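These notes are about the structure you will find just below.
The values are calculated or read from the model by the stated rules, or taken from the named source; none is laboratory data. Given the structure is predicted, the values throughout are model-derived calculations rather than measurements. Virtual Cβ from ideal backbone geometry, glycine too; neighbours counted across all protein chains shown.
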Amino acid sequence: MQKSIRKIAITGGTHGNELTGVYLINKFKTDPAIVKREGFETIIMHTNKKAIEKCTRYIDNDLNRAFGEKDLEDSSRSSYEDISAKLINQLLGPKGTDNPNVDFIVDLHSTTSNMGLSVVIDIDSQLAWQVAAYLKDTEPKVNIFRWMGDTGDAPFVNSVAKNGFAIEVGAVPQGVLRADLLFETEKLVHHILDFFEKLNKGEFEKSYKNIEIYDFVELVDFPRGEDGNIIAMVHPQLQDNDYARIKKGDPLFISLGGEIITYDKDEAIYPLFVNEAAYYEKGFAMCLARKRRIELEA
């Protein structure tokens, strides 16, 4: 595990209508002392300023899918988000280099799914796993999810650094502020900063040996007709029950006419990002994950 940290970045507004991150960055910019800790620099930034102004997820394309190394190197990619990604990469990265400008990135998101407080890890970083374990130890209601979904080259904002993750909180409607989840998210940010302050001072002696996570299995789309239109909705029994165990025969969807479509596999599984509004355009209704405990390196 990395022994010291020089700079970390707290980013928000990667999706301009996810206001938890937008307004926490506003708060930190107004009073930077809130996120100042001894021994390292904390950078705070909005990542998708035009989308924030319009309170929309993005302007041209999803910024949180624009940080693949090939995409960052492709000069023909010239949308607003692609240009923004290249600028952010130069400021916080560059991605894939031995000595990027920041050591750790925490990207703040919200979800319309009822996922509570979730840490989403998509890069193989032992430091990120140790921070996540610390958060889980400090705030037991935090869930840890390892994402291996609809992407290959970890094209997310936090992947610009060698270490980092996203925080997802919900359920929050798009374009809406929820005070309770904003303050819960801020609490997680402070725990993260405390972790690094202790690490740099040599006061953090505990090294977590293992951690319970939800490990990605597959993405599940809505049932669709031949024309591609959705013909069944998330079943009411599953709606708002992210991280609840489901087994063979449990309802997943219900058609417009009332026909129930059940989970048909033998392995019990855990759904999350259930009925996430932003994922309708991506073509999936939920993510399924295994609950397991993984070993961590010291």
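Conditions tested, residue by residue: (1) without any contact (Cβ under 8 Å) to a residue 40 or more places away in the chain; (2) under 28 Å from ILE294 (Cα atoms); (3) touching a strand residue (DSSP E or B) at 6+ places or on another chain (Cβ under 9 Å).
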{"residue": "PRO223", "(1), (2), (3)": "yes, no, yes"}
{"residue": "GLY228", "(1), (2), (3)": "yes, no, no"}
{"residue": "ALA232", "(1), (2), (3)": "yes, no, yes"}
{"residue": "ALA244", "(1), (2), (3)": "yes, yes, yes"}
{"residue": "LYS247", "(1), (2), (3)": "yes, yes, yes"}
{"residue": "ILE254", "(1), (2), (3)": "yes, no, yes"}
{"residue": "GLU259", "(1), (2), (3)": "yes, no, yes"}
{"residue": "TYR263", "(1), (2), (3)": "yes, yes, yes"}
{"residue": "GLU267", "(1), (2), (3)": "yes, yes, yes"}
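When you look at LEU296, is it over 18 Å from the mean Cα position of the chain (by Cα) and more than 30 Å from GLY39 (Cβ to Cβ), yes or no?
no
Let me confirm something: among GLN130, GLN90, which residue is crowded, with 21+ Cβ neighbours inside 10 Å and not in a loop (DSSP other than H, G, I, E, B)?
GLN130
Cβ-Cβ below 7 Å, separation at least six or inter-chain, first residue in segment 185-196 and in the same structural domain as VAL120 (by TED's automatic domain parsing) and of a type outside the set (Val, Ile, Thr), second in a helix (DSSP H, G or I) and surrounded by fewer than 19 Cβ atoms within 10 Å (Cβ to Cβ): which pairs?
The qualifying pairs are HIS191/THR138.
ASP82 is checked against (1) touching a strand residue (DSSP E or B) at 6+ places or on another chain (Cβ under 9 Å); (2) closer than 17 Å to PRO155 by Cβ and fails just one. What number does that condition carry?
Against the list (1) touching a strand residue (DSSP E or B) at 6+ places or on another chain (Cβ under 9 Å); (2) closer than 17 Å to PRO155 by Cβ, ASP82 comes up short only on (1).
Please verify whether VAL176 is closer than 28 Å to ALA85 by Cα, surrounded by 21 or more Cβ atoms within 10 Å (Cβ to Cβ) and modelled with pLDDT of 95 or more, treating the condition exactly as stated.
The answer is no for VAL176.
Filter segment 158-182 for residues that are assigned to a helix (DSSP H, G or I) and farther than 30 Å from LEU72 by Cβ and give the result.
Correct list: ALA179, ASP180, LEU181, LEU182.
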